[in-house]
Amino acid sequence: MINTGNIERSVLHLDLDTFFVSVERLKNGRLTGKPVIIGGMSDRGVVASCSYEARKYGVSSAMPMKMARYMCPDAIVIRGDMELYSNYSNMVTGIIAERAPLYEKASVDEHYIDLTGMDRFYGCYKWSHELRQYIIKETGLPISIGLSINKTVSKIATGEAKPNGEIEVQKDVVLPFLDPLSIKKIPMIGQKTYHILRSMGIAKIYTLRNIPAEMLEKLMGKNGIEIWKKANGIDSTPVFSYSEQKSISTEHTFEKDTTDMARLNQLLVSMVEKIAFELRKQEKLTSCITVKIRYSNFDTHSLQKRMPYTSFDHVLADIAKELFARLYQRRMLIRLIGVRFSHMVRGVQQLDMFDDTPEKVNLYMAMDKLRKRFGRNAVRRASGVMTINEREEKALKQLENALKEQNMMEERLKRYWF
């Protein structure tokens with residue numbers, strides 16, 4: 001994060017146009033110019049992404065696939081490949097990382113770059129234009145950019161630059177640029193908020209920004225103030241350095257060192273489940289998981305694996321168990337076990353949109369709702385919890401060990417006194 005004080009900021013927003021569709025078109029040029037829908041193949045699936053040609057028929061992301069097929073019967077439907085999309089996303093991030101002074105990876109297809117102060121050495125717009133052209137040349141992917149005084153205005157500018165365009169909105173034209181646009185263009189305004197504002201007769205940003213901030217605060221609380229600020233082109237949110245993106249981790253130190261493989265795997269699943277819930281609460285995805293173990297002699301080893309962006313614990317738990325199996329080779333007693341998620345970006349889970357099992361998604365939503373209401377231990381995966389028999393067996397072992405230690409102590413006392 002950078003502290004710019006009162007310096008006039010220059011923030012660049014980059015957004016890969018119809019990202020999933022664009023990647024598929026690189027694989028198959030015959031898809032160019034045709035209506036394309038990415039998502040689950042069955043009627044029970046949902047749309048993850050769609051081309052501009054499909055949007056003309058009213059198709060949109062998160063729409064049920066059955067409805068999308070009905071609205072656009074000629075569409076070419078393709079099951080998504082998150083691993084492929086993750087690779088291209090990382091390719092673009094790599095290009096930005098080599099050139100940008102400070103950048104934030106906001107999602108799999110969005111980046112922010114703080115160019116504040118660069119105008120003194122090299123024009124911000126010229127630099128942004130050349131970066132965009134280089135990304136297009138190196139990856140073949142269309143990308144739109146918006147350059148302005150803060151994150152909100154630059155993101156809205158990118159939306160207006162699409163498809164595959166670029167717009168600069170300088171400080172003195174921010175309000176004239178925002179005023180005629182629909183309130184839908186403001187990043188914080190979702191469907192629910194949009195309907196509330198429309199019911200009040202508010203359609204354009206000009207109308208919204210001229211409403212007293214206090215009125216919006218009474219209506220929507222703190223969010224009302226934030227929406228009012230964004231409508232007025234005010235946003236002090238910094239660009240967070242991608243290297244500063246915090247990881248999420250958890251560790252467990254055993255009271256008594258163990259080699260109980262069943263228990264170790266159960267604990268691993270439970271730990272993954274716990275931090276995956278935190279990941280989803282923060283609306284983030286991870287593309288790297290690390291498992292750490294510490295032996296009884298304090299030797300510490302870790303192993304990590306990159307994977308397609310996800311926040312599903314059933315996916316992450318399998319990878320964690322695989323890493324643990326590869327890592328634990330010495331068959332020594334284990335003192336500590338840990339799990340960490342890193343290389344995180346903002347974004348909702350996309351894998352569900354490529355599956356034909358919406359029940360799985362609904363199950364996650366239901367479990368997370370219960371955890372938020374009753375605490376994160378309210379619902380737990382069976383593989384991460386010991387059964388009653390297992391708990392009884394563990395208790396018996398502990399009792400046996402305690403009795404053995406007591407007998408040994410009695411023998412020592414007898415030898416000492418007699």
**Item:** In region 21-48, the residues that are touching a Ser or Thr at 6+ places or on another chain (Cβ under 6 Å) and modelled with pLDDT under 95
**Value:** Ile38, Val47
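Does Arg331 count as at pLDDT 60 or above, among the basic types (Lys, Arg) and on the phi > 0 side of the Ramachandran plot?
Judged against the criteria, Arg331 is a match.
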**Fill in**
Going through region 113-135 in order, the residues found to be hydrophobic (A, V, I, L, M, F, W, C), surrounded by 14 or more Cβ atoms within 10 Å (Cβ to Cβ) and over 30 Å from Pro308 (Cβ atoms) are Leu115, Met118, Cys124, Trp127
**Asked** What are the residues in region 77-97 that are assigned to a loop (DSSP other than H, G, I, E, B) and either not basic (Lys, Arg) or not assigned by TED's automatic domain parsing to the domain that holds Thr139 (or both), if any?
**Response** Gly80, Asp81
**Message:** I'd like to check something: does region 50-69 contain any residue that is within 30 Å of His129 (Cα to Cα), among the aromatic types (Phe, Trp, Tyr) and under 20 Å from the mean Cα position of the chain (by Cα)?
**Reply:** no
**Request:** For Ile186, state whether it is among the hydrophobic types (A, V, I, L, M, F, W, C) and either over 30 Å from Leu84 (Cβ atoms) or in contact with a His (Cβ under 7 Å, 6 or more places away or on another chain) (or both).
**Result:** yes
**Asked** Restricting attention to region 27-49, which residues are more than 26 Å from the chain's Cα centre (by Cα) and either closer than 19 Å to Pro142 by Cβ or not assigned by TED's automatic domain parsing to the domain that holds Asn87 (or both)?
**Response** Asn28, Gly29, Arg30, Leu31, Thr32, Gly33, Lys34, Pro35
**Prompt:** Are any residues in region 261-315 of a type in the set (Lys, Arg) and either buried (at least 17 other Cβ atoms within 10 Å of the Cβ) or over 28 Å from Tyr85 (Cα atoms) (or both), and if so, which ones?
**Reply:** Arg263, Lys274, Arg280, Lys284, Lys292, Arg294
**Request:** Output the residues belonging to region 171-203 that are in contact with a Leu (Cβ under 9 Å, 6 or more places away or on another chain) and either surrounded by fewer than 16 Cβ atoms within 10 Å (Cβ to Cβ) or under 18 Å from Thr158 (Cβ atoms) (or both).
**Result:** Ile183, Lys185, Ile186, Ile189, Ile196, Met200, Ala203
**Item:** Residue satisfying condition, being charged (D, E, K, R) and surrounded by 23 or more Cβ atoms within 10 Å (Cβ to Cβ), within set Glu138, Glu104, Glu110, Glu168
**Value:** Glu104
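Does Thr253 qualify as being touching a residue at least 40 places away in the same chain (Cβ under 8 Å), closer than 30 Å to Leu181 by Cβ and exposed (fewer than 15 other Cβ atoms within 10 Å of the Cβ)? Spell out how you get there, then give the answer.
Working: touching a residue at least 40 places away in the same chain (Cβ under 8 Å): yes; closer than 30 Å to Leu181 by Cβ: no; exposed (fewer than 15 other Cβ atoms within 10 Å of the Cβ): yes.
So Thr253 does not fit the description; no.
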**Request:** Evaluate the following for Ala317: is it touching a residue at least 24 places away in the same chain (Cβ under 8 Å) and assigned to a helix (DSSP H, G or I)?
**Result:** yes
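Of everything in region 98-124, what is assigned to a helix (DSSP H, G or I) and in contact with a helix residue (DSSP H, G or I) (Cβ under 7 Å, 6 or more places away or on another chain)? Give them in sequence order.
Arg99, Met118, Cys124
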**Request:** Scan (1) among the acidic types (Asp, Glu); (2) farther than 25 Å from Met344 by Cβ; (3) touching a residue at least 40 places away in the same chain (Cβ under 8 Å) for the single condition Glu53 breaks and write down its number.
**Result:** (3)
**Message:** One residue is enough: does region 277-287 have a residue meeting the conditions under 15 Å from Ala320 (Cα atoms) and of a type outside the set (S, T, N, Q)?
**Reply:** no
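The values are calculated or read from the model by the stated rules, or taken from the named source; none is laboratory data. Predicted, not measured: the structure shown is a model, and the values here were computed from it. Note that we place each Cβ from the backbone using ideal geometry, even for glycine, and neighbour counts take in every protein chain shown.
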